[in-house]
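Here is the structure we will look at, set down as structure tokens.
The values are calculated or read from the model by the stated rules, or taken from the named source; none is laboratory data. These numbers were taken from a predicted model, which means no experiment stands behind them. We place every Cβ from the backbone using ideal geometry, glycine too, and count neighbours over all the protein chains shown. We work out accessible area using only protein heavy atoms, side chains counted, and drop any ligands, DNA or RNA first. Shrake-Rupley method; radii C 1.70, N 1.55, O 1.52, S 1.80 Å.
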Amino acid sequence: MSSSEDTRELLAKSIKTALSSPNYRQDRGKLLAAEKEGAWYASASAQASPTESRTQDIVLRIRESERIDPSLYGNLPSEAVPASDTRDMGGRFLANKSRIAESRMFKIAQRMPKGCHLHIHFNSELPPEELFPHARGSTVLQTMHVRTTKPLSSRENYALAEVVLSVLPKDTKKSDCFAPEYNPDAKDPNNSPWMLWANFRKAFPADVECGETPEGLDKAECWAREKMVVTRRNTYNDVQTHNGAWACFNQGTRAFKGLVNYESVYRWYIGKAIDSMVRDRVMYAELRPMLMDKSIPSDDGTRKLDLKDQMTIICEEVRKKRDAMEKQGELDRFPFGLKIIYCTPRSIPKPKMQSELNDCIQLKLQFPDLICGFDLVGAEDRPNSIGFYADLLVGFAETCKSLKISIPFMFHAGESLLDTGGSFNPDNSNLYDALLLNCKRIGHGGATHDSSSLSYEFYQVMVGDTRMPIHGWKQLALWSIEHSCLNAAEKQQAMEIFQKDWEEFYPPENWTEDPGAYADGQEDGGGSDGVPEPGRARP
């Protein structure tokens with residue numbers, strides 16, 4: 001056995017040899033090059049101009065300066081216990097949302113052209129605070145009703161009760177949601193659990209605890225709003241579960257539906273949703289409305305607008321927006337309008353599913369340029385998996401083929417690890433059936449082992465991984481066009497519009513009113529590498 005001195009000399013000699021050899025550094029360089037060559041954004045990166053590559057360096061500086069900035073996140077490496085106001089950049093979104101709004105990186109994300117928005121649920125484009133003023137407007141003052149799932153006669157029930165709004169005829173029999181004897185059973189034909197919304201707001205107690213209180217909303221509206229949105233409190237509490245999160249989401253969907261689904265607001269909502277997407281630099285969108293409820297009411301509650309009426313309204317409002325943009329020479333901002341993915345819940349029995357599939361085909365025949373896909377929605381750990389409906393879905397696809405129409409499947413699948421339709425059998429994963437049924441796209445896919453403004457999504461993907469480049473942003477936008485339901489000519493036009501918009505976007509001088517802030521890599525008052533000194537707040 002070698003002596004300690006012999007070992008020490010051998011180690012020193014080996015290290016000296018390694019220092020003089022380029023092998024390791026060459027191998028590391030080859031590894032990094034191979035990584036970049038095989039990256040998912042390699043195609044976009046290969047086409048980058050020198051200016052775009054310089055922009056990537058600036059994006060990196062901005063992102064990392066904000067990561068360590070104590071006024072934003074304060075992610076300084078340290079063994080010390082973090083301060084109570086420290087946050088993880090790219091971490092829990094709802095905890096960071098107020099800080100994201102102050103981020104320069106987010107402001108850049110807002111200006112970025114994003115291509116197409118391919119996954120947005122119809123009633124989630126606008127926040128409830130923009131809808132409540134309509135619910136108290138003159139056209140529905142005597143017809144907007146509310147019911148709760150528990151009598152609001154105890155403080156405990158204010159926290160537990162769900163709330164549902166609906167436009168009903170003004171002669172609807174009224175109840176008092178606040179009375180101890182209130183019967184919330186809406187399925188009882190001898191019972192009417194509805195209270196006029198205006199009276200509900202007047203009677204709502206002033207001392208009931210609410211979460212956020214957006215300006216312009218009264219106490220009842222703030223309380224109802226809390227039931228409609230995914231909040232930090234109900235998302236990140238220490239006893240929240242998978243099913244609990246779904247319960248919050250489903251409760252919010254049921255509550256929100258009544259604020260959107262009546263004639264005047266349904267029509268108004270389409271235009272406002274388009275305005276929101278245009279501001280977010282989205283040029284086209286595919287919306288997912290839940291169409292199992294076959295009608296929405298007129299403002300006076302006496303008429304029902306069926307699915308054909310609703311699709312007609314969408315077409316009319318899209319046309320109005322496009323005509324207005326064309327007159328202003330801005331049609332390239334939203335040149336292709338909207339398309340609709342027909343959605344129905346995966347929990348319904350097979351006869352009802354067959355009826356839904358037929359309704360989807362009928363709408364496609366009536367609106368061939370509007371209906372672009374079919375989707376099953378709902379938690380994937382509840383009955384039923386996609387495979388449960390396989391015979392119906394195969395028959396649907398064959399029928400579409402015979403009719404020479406295209407309604408591709410765009411299933412919610414791989415959304416969670418519990419994706420087996422309540423069967424406890426991993427072979428029932430929705431991903432298998434999505435593949436076998438030639439699904440064009442899957443919704444979310446977060447469990448494939450890789451709320452809504454796309455700017456937040458693009459921000460999160462940029463700051464969540466230090467290896468994410470600006471070329472990744474570009475690649476995601478290009479894929480959104482490639483995998484949309486636009487036809488070949490429209491996709492070509494969309495690519496040309498996007499390329500023009502991208503070239504206008506990425507020079508850093510277009511990101512701020514103070515172009516000098518980015519000159520020579522200097523930004524945020526930092527050092528020569530553009531990164532602030534540790535502990536130094538942004539000016």
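Below, the figures for the structure above:
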{"read-out": "Estimated inter-spin distance, D218 and W268, nm [label 7 Å along Cα→Cβ]", "value": "1.7 nm"}
{"read-out": "Accessible-area composition of the stretch 157-264, carbon plus sulfur, in percent [1.4 Å probe]", "value": "51 percent"}
{"read-out": "Tail weight of P(r) past 25 Å, computed on alpha-carbon pairs of the stretch 313-451, percent", "value": "36 percent"}
{"read-out": "Linear extension gain, E37 paired with A83, 0.36 nm per residue minus alpha-carbon span", "value": "12.5 nm"}
{"read-out": "Structure-based [θ]222 nm, the chain - -39500 (n - 2.57) summed over DSSP H runs of at least 4, per residue, nearest 500", "value": "-14000 deg cm²/dmol"}
{"read-out": "Contour excess over end-to-end distance, with Cα ends at T253 and D323 and 0.36 nm allotted per residue", "value": "22.0 nm"}
{"read-out": "Carbon and sulfur %, accessible surface of the stretch 395-473 computed with the full protein complex present, 1.4 Å", "value": "54 percent"}
{"read-out": "Dipole of the stretch 249-307, positive direction: furthest Cα of G252, P297, M283, with charges on the beta-carbon", "value": "G252"}
{"read-out": "By average C-beta atoms within 10 angstrom, highest first, the peptides 222-234, 198-210, 4-16, 456-468", "value": "222-234, 456-468, 198-210, 4-16"}
{"read-out": "Note, ³J(HN,Hα) from phi for the stretch 180-197, Karplus 6.51, -1.76, 1.60, rounded to Hz, x at Gly and Pro", "value": "x, 8, 4, 9, x, 6, 7, 8, 6, x, 8, 10, 10, x, 8, 10, 4, 4"}
{"read-out": "Magnitude of the charge dipole, the stretch 54-148, Cβ model with Lys/Arg +1 and Asp/Glu -1, debye to 20", "value": "260 debye"}
{"read-out": "At 1.002 mPa s and 20 °C, Stokes diffusion of the stretch 1-88 via Kirkwood alpha-carbon radius, µm² per second", "value": "119 µm²/s"}
{"read-out": "Long-range amide H partners of C372 with built H, under 5 Å", "value": "I340, I341, Y342"}
{"read-out": "Selection from S65, Q26, I108, by position along the positive dipole direction of the stretch 1-116 (Cβ)", "value": "I108"}
{"read-out": "Total formal charge among the other residues, if their Cβ is under 13 angstrom from that of A379, Lys/Arg +1 and Asp/Glu -1", "value": "-2"}
{"read-out": "The chain - accessible surface per residue (Å², probe 1.4 Å)", "value": "51 Å²"}
{"read-out": "Long-range HN-HN contacts of V167 with modeled amide H, under 5 Å", "value": "H145"}
{"read-out": "Additional length obtainable on full extension of the chain from E330 to K150, 0.36 nm per residue less Cα span", "value": "59.8 nm"}
{"read-out": "Rg ratio (alpha-carbon, reference 2.2 N^0.38 Å) - the stretch 324-406", "value": "1.39"}
{"read-out": "Virtual spin-label span in nm between D185 and S347, 7 Å along Cα→Cβ", "value": "2.0 nm"}
{"read-out": "The chain shape via C-alpha gyration tensor axes, a/c threshold 1.5", "value": "prolate"}
{"read-out": "Protein accessible area in the stretch 306-363, 1.4 Å probe - carbon and sulfur %", "value": "45 percent"}
{"read-out": "Derived scalar couplings ³J(HN,Hα) [the stretch 134-139; Karplus, 6.51 cos²θ - 1.76 cosθ + 1.60; whole Hz; x for Gly, Pro]", "value": "5, 5, 9, x, 5, 6"}
{"read-out": "Inter-site label distance for V230 and D300 at 7 Å from Cα along Cβ, in nm", "value": "4.1 nm"}
{"read-out": "Those lysines that a straight Cα-Cα span of less than 18 Å connects to K364, excepting residues fewer than 8 apart in one chain", "value": "K294, K308, K339, K401, K404, K440"}
{"read-out": "Given charges at Cβ of Lys, Arg, Asp, Glu: the stretch 322-439 dipole, positive-most of L417, N428, L370", "value": "L370"}
{"read-out": "Heavy atoms of D369: accessible area, 1.4 Å probe, square angstrom to 10", "value": "120 Å²"}
{"read-out": "Net charge dipole size for the stretch 127-231 [Lys, Arg +1 and Asp, Glu -1 on Cβ; Debye, nearest 20]", "value": "380 debye"}
{"read-out": "Pair-distance profile P(r), taking every C-alpha pair of the stretch 379-505, with 10 angstrom steps and integer %", "value": "11, 30, 30, 22, 6, 0"}
{"read-out": "Alpha carbon convex hull of the stretch 147-261, projected area averaged over orientations, nm²", "value": "8.0 nm²"}
{"read-out": "Size of charge dipole - the stretch 273-341 - debye, nearest 20, with Cβ of Lys, Arg +1 and Asp, Glu -1, no other charges", "value": "140 debye"}
